[in-house]
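Engineer: Pasting a structure below so you can have a look.
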Amino acid sequence: MFRTIGDGPSSWELLLPPEVLRLPGELSRVDAFLDDPVFFAPFAPYFHPVLGRPSTPVECCLRLMFLKFRYRLGYESLCAEVSDSISWRRFCRIPLDGTVPHPTTLMKLTSRCGEGPVAGLNEALLARAAGAKLLRTGRVRADTTVTVSS
């Protein structure tokens, strides 16, 4: 079953001070950017709208895949990092008392949709976000040193 939006914040999050709930600069800008439903549309053809087991919400998957792509993490290390970080949990819309999707779940969802659409979404998102100056991309430095071996 296709789900775009998760259950929402947990009751534990209501008890935390606002400083803890605030996302870091880049993540808060990308978070607002990812709320656009246009990013959910490419996933809809791969799921039945009503039948089947409820899927991991697309908003969560999309944010997890962004973190994986942005920080060049593997599935296991991504899930471990998200489990340990309150700000990354908040960014991925995973409640504090909720469970982070298992790495194999993310692998299966990615293989179900294919690497191409997911990679294309990440590239488009990164390009659009960089074009809108929502995040700073790393600078490229070229080294022109030439070595000659005899």
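The values are calculated or read from the model by the stated rules, or taken from the named source; none is laboratory data. Here the structure is a predicted model, which is why all the values come from computation and not from measurement. Positions of Cβ are backbone-derived with ideal geometry, glycine not excepted, and every protein chain shown enters the neighbour counts. Note: accessible area is taken over every heavy atom of the protein model, side chains too, but ligands, DNA and RNA are not part of it. Shrake-Rupley method; radii C 1.70, N 1.55, O 1.52, S 1.80 Å.
Engineer: At a 10 angstrom cut-off on C-beta neighbours, averaged per residue, how do the peptides 20-29, 89-98 rank from highest to lowest?
Structural biologist: Output ranking for 20-29, 89-98: 89-98, 20-29.
Engineer: Hey, another quick one. On the principal axes of its Cα set, how long, how wide and how thick is region 24-73? Give whole Å, largest value first.
Structural biologist: Principal-axis extents of the Cα atoms in region 24-73, largest first: 38, 23, 15 Å.
Engineer: Quick one: ranking THR110, THR99, THR104, THR56 by accessible area, 1.4 Å probe, largest first, what do you get?
Structural biologist: Ranked from most to least accessible, the order is THR99, THR104, THR56, THR110.
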